[in-house]
Amino acid sequence: MLIQQLVNGLTLGAVYTLLALSFSLVMGILGILNLAIAELFMIGGYLGFTLIQAGFPLPVAVLAGMTGAAVIAIVIEKVGYQPLRDAPLVTPMLSTLGFSIILQNIATNIWGSDPLQLPIYGDQYTLGPVNIGEMQLLVLGATVVLVALVAYIVQKTPMGRALRAVAENREVARILGVSADRLTMLAFILSGSLAGVAGVLIALHYGAITPYLGVEIGLKAIAVMVIGGTRQIWGALVAGPLIGIAEVLTVAYGGSQVRDFVVYGFMILILLLRPQGLLGGARSDQGQRV
Amino acid sequence: MSTYYASLLAESGILLLGALSVYIILATGQLSLGNGAFMGIGAYLSSYLTVALNVPLTLALVISAIAAGIIGAIVAFPALRLKGIYLAMATVGFGEMVRSFFLNFDTMGGSGGYRGMQHISVGYVWLWAGGILIAVMLLERSRVWLEMQAVHDDETAAGLIGLNTVVTKISAFAAGAAVAAISGGLFAHHNVYIEPANFGFERSVDFVLAVILGGSTVAPGSLVGSLLLVFLPEFLRPIADWRLAAFGSLLVLVLLVRRQGILDRSLIRMLTFRRAAA
Amino acid sequence: MSTPLLQLTGVTKTFGGIHALSGMVCEVPEGKIVGVIGPNGAGKTTLFNTITGAYRADAGEVKLKGVDVTQWPSYRIVREGIARTFQNIRLFGSMTVWEHLLVAQPHSESAWRRLLPIAWANPAAQERAEEVMAFFGLTELRDRPAKSLPYGIQRKVEMARAVTARPKLLLLDEPVAGMNHDEAEEIRSLMIRLRDTGLTILLIEHDMNFVMRLCDYLYVLDFGVLIAEGKPEEVRANPVVLDAYLGKDD
């Protein structure tokens, strides 16, 4: 069923979008890849999952996932990024890799390495030929709302303008009296919260979670971020569903496992040919200067 | 020596080669998070050669290394356009593509894995690991290595003092890929079973971890890092479940207080000086 | 007359429509010290970058001993005989003085020898490095990380690095910028000694007095255009040059 596949692909894509946005908030502003975001997503998922299991309502679970992930993001920023901000950009990336290893280990020890299962959350609706779950609708709706919210914050508020100023040029931002340190923290918190929410939503949508969920979906989300463009908020909104649908369709029609091959191949092509992303405007200057 | 410790020792030799493969590329200022893929190529190719074609193992390893080296050079060519994090992300993508390729490579078992290799001894593993470590240490005193360092420090200036930076960067990738392939070939013939999941992102991360922890500015650093990664858990038995967290913390700690890793030039000089004086 | 070592004809370089260099014409004869002067932003460093292939000229030709090198990659130009220093010193952060002098040498040895330790494979390179180190008075500092040395010495290391390449032409980008009088005098005498060994030097400088007492011939740039040339005393007397410098902060 083509339409059914499209809907499923769209849902998967929505999760990619959220997580890609979470990556690009840090990447676009600080130029560093926070690899631990994948694990924030996973931890957020477990927190939400646990609360739902304990009988709490969905909003509480989402809030818990979001807060938990944001708090860990703060720790990562303070310990793993702040002291290394003058180092070559690869160094803080490696320290976030350290956190990612720690977080995965913690999750394995608390929740075990076997998948946790939960009955599919919410009702199922049938619209003509398409089956759609309440959770699926929620994922889609939440993605649109959250992307709009982030876009609003980054593009319309003074805080967002300051963030973009720092992204453009740290030195100028400092001269303008923008506190780069505070904004860096802010970017980490925003990005962590998004990852946490995305984690809760996907865990409930799948009805299952493992400590390896982060790596699996996180790497994909990095590809989505690259494809959408690291500096484009709306880029992720297009690239996420694009990849999600492409994946679901290749699985449905093309064959079992070629999907990863296609997705990462596409990411590499974008890196090489359009480093500003699919939707990026003028080619951003990533070349070196003499 | 018990078989258990022998197998740990073999594991560390295999990891040492993987770490050296990252180290060689890193020496030109390029971070590869996809060397697990080159390891996989070496593992699959050498296994195919020994199992299906009855090629002697040593010859199979050499052929795999050359093949991976050529693939490495081909991959490195477009990668010249990318630097830093963008290059690292592209190598992650490459690694996932190769893993996905082996998952679909039904001739060699696909997701079911491949078996039938002859088991090799820890001595054979270390013959290769030790030999290549020494070769890299000699290379570190060569003119080619100075050129690599120059590219690492300031690529533009390196070009403007007459160095062919393109050849340097591509050769480093090719050499790294070849060493990773040998690591893969040894892994395959030590474990006598391989599957695509052996050569994913986590493997590439292990290599990088060993280099960064042990010392990213000297080749013996990779040795220290590999031994640490394999043997430290043995001493951490009481906290066995938390050993990964311990490594993660150690990584962050090392980056914070000693960015060049445990071993560096001055520490080596100090140690050798003390031994000479005693 | 014999072919000049370096000859530029109509060399033009624009950045986003702005002419950093337009129609530059100059000649550097062998065995001379030639200076390029001009106020800040006159296009002096652009000139160097274009000669060494760091920038590609939009028009015109750069000829080294009659050979057109305009489109060559920079490493080939260097191997053909042009070595340079940089306005903002660019030494390699992880290398000692000694290593700087080894890395910049052109290599004639076969590929596999380049993979062996230098001490075994290429004692000649070591001799050359020793010799240049002694010439520049750097022998004592052999194993010091070059970037940890005082500024004036870093400039000398950079010059020495360029000289080990055995260039025919040495390009020096503001070799005495930020130096005190004594240090500048030392560099001046080094340059004269280098010329006496047969090396040709093209230098950029905006300290007028320094170049007047050193150069055999001068070119004056302003806003990317050659406004005057001649022997130092001619340039000094040229009213156009005075105009360009007057009222400008250099």
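For the stretch B:71-82, a residue qualifies if it is without any contact (Cβ under 8 Å) to a residue 40 or more places away in the chain and within 20 Å of the chain's Cα centre (by Cα), and exactly one does: B:ILE74. Restricting B:VAL151, B:VAL125, B:VAL92, B:VAL98 to residues that are crowded, with 22+ Cβ neighbours inside 10 Å, among the aliphatic types (A, V, I, L, M) and touching an Asp or Glu at 6+ places or on another chain (Cβ under 9 Å) narrows the list to B:VAL125. Looking at the stretch C:193-211, is at least one residue part of a loop (DSSP other than H, G, I, E, B) and over 26 Å from C:GLU80 (Cβ atoms)? Yes, that holds for at least one residue.
For the stretch B:209-223, the set of residues classified as part of a helix (DSSP H, G or I) and touching a Ser or Thr at 6+ places or on another chain (Cβ under 8 Å) consists of B:ALA210, B:VAL211, B:GLY214, listed by residue number. On inspection, A:LEU10 passes the criterion of being surrounded by fewer than 22 Cβ atoms within 10 Å (Cβ to Cβ), closer than 20 Å to A:VAL147 by Cα, under 18 Å from the mean Cα position of the chain (by Cα) and touching a residue at least 12 places away in the same chain (Cβ under 8 Å). Among the residues of the stretch B:101-138, those identified as touching a residue at least 12 places away in the same chain (Cβ under 8 Å) and aliphatic (A, V, I, L, M) are B:LEU103, B:MET108, B:MET117, B:ILE120, B:VAL122, B:VAL125, B:ALA129, B:ILE132, B:LEU133, B:VAL136, B:MET137.
For the stretch A:25-34, the set of residues classified as within 12 Å of chain B (Cβ to nearest Cβ) and either within 12 Å of the chain's Cα centre (by Cα) or crowded, with 24+ Cβ neighbours inside 10 Å (or both) consists of A:VAL26, A:MET27, A:LEU33, A:ASN34, listed by residue number.
From the residues in the stretch C:39-70 that are among the small types (Gly, Ala, Ser) and within 12 Å of C:GLY224 (Cβ to Cβ), which one is surrounded by the fewest Cβ atoms within 10 Å (Cβ to Cβ)? If you could, list the steps in order and put the result at the bottom.
First pass over the stretch C:39-70, keeping only residues among the small types (Gly, Ala, Ser): C:41-43, C:53-54, C:57, C:59-60, C:66.
From what is left, the residues that are within 12 Å of C:GLY224 (Cβ to Cβ) are C:41-43.
Numbers: C:GLY41: 14, C:ALA42: 26, C:GLY43: 23.
The residue in question is C:GLY41.
Could you please give the count of residues in the stretch B:254-266 that are surrounded by 15 or more Cβ atoms within 10 Å (Cβ to Cβ), without any contact (Cβ under 8 Å) to a residue 12 or more places away in the chain and away from chain A (no Cβ under 13 Å)? Number of matching residues: 0. Might you check whether a residue that is within 30 Å of A:LEU33 (Cβ to Cβ), in contact with a helix residue (DSSP H, G or I) (Cβ under 7 Å, 6 or more places away or on another chain), outside any helix (DSSP H, G or I) and of a type outside the set (Val, Ile, Thr) occurs anywhere in the stretch B:20-28? Scanning the stretch B:20-28 turns up at least one residue that is within 30 Å of A:LEU33 (Cβ to Cβ), in contact with a helix residue (DSSP H, G or I) (Cβ under 7 Å, 6 or more places away or on another chain), outside any helix (DSSP H, G or I) and of a type outside the set (Val, Ile, Thr). Restricting the search to strands (runs of 3 or more DSSP E) fully inside the stretch C:2-114 and requiring at least 1 residues that are free of Cβ contacts under 8 Å to residues at least 40 places away in the same chain, farther than 30 Å from B:ARG143 by Cα and within 14 Å of another protein chain (Cβ to nearest Cβ) gives C:6-15. Of the numbered criteria (1) in contact with a Leu (Cβ under 6 Å, 6 or more places away or on another chain); (2) outside any strand (DSSP E or B), the one C:VAL241 fails is (1). C:THR200 meets each of the listed conditions (1) farther than 26 Å from C:ARG128 by Cβ; (2) out of contact with any helix residue (DSSP H, G or I) (no Cβ under 9 Å at 6 or more places or on another chain); (3) polar (S, T, N, Q) apart from (1). Filtered by the rule that a residue be in contact (Cβ under 8 Å) with a residue 40 or more places away in the chain and within 7 Å of chain B (Cβ to nearest Cβ), the stretch A:69-103 gives A:GLY80, A:LEU89, A:MET93, A:LEU97, A:PHE99. Do we have C:MET159 as within 14 Å of chain B (Cβ to nearest Cβ) and of a type in the set (A, V, I, L, M) here? Against the criterion (within 14 Å of chain B (Cβ to nearest Cβ) and of a type in the set (A, V, I, L, M)), C:MET159 qualifies.
The set of residues in the stretch C:135-161 that are touching a residue at least 12 places away in the same chain (Cβ under 8 Å), assigned to a helix (DSSP H, G or I) and not hydrophobic (A, V, I, L, M, F, W, C) comprises C:LYS147, C:TYR151, C:GLY152, C:GLN154, C:ARG155, C:LYS156, C:GLU158, C:ARG161.
Taken over the stretch A:67-80, the criterion of being crowded, with 23+ Cβ neighbours inside 10 Å and either over 12 Å from A:GLY199 (Cβ atoms) or of a type in the set (D, E, K, R) (or both) is satisfied by A:ALA73, A:ILE76, A:GLU77, A:GLY80.
Reported count of residues in the stretch B:207-253, each being within 10 Å of another protein chain (Cβ to nearest Cβ) and of a type in the set (Asp, Glu), is 1. Residues being on the phi < 0 side of the Ramachandran plot, at pLDDT 85 or above and within 14 Å of chain B (Cβ to nearest Cβ) are represented in the stretch A:272-284 by at least one member.
Taken as a whole, the structure places A:ALA54 among residues that are surrounded by fewer than 17 Cβ atoms within 10 Å (Cβ to Cβ), under 17 Å from A:GLY207 (Cα atoms) and among the aliphatic types (A, V, I, L, M).
The residue list B:ALA197, B:ALA188, B:ALA158, B:ALA175 contains one member that is over 12 Å from the mean Cα position of the chain (by Cα), within 13 Å of chain C (Cβ to nearest Cβ) and either closer than 21 Å to B:LEU228 by Cβ or part of a helix (DSSP H, G or I) (or both), which is B:ALA158.
The values are calculated or read from the model by the stated rules, or taken from the named source; none is laboratory data. The model shown is predicted, which means the values in this text are computed figures rather than measured ones. Cβ coordinates were reconstructed from backbone atoms using ideal geometry, including for glycine residues, and neighbour counts include every protein chain displayed.
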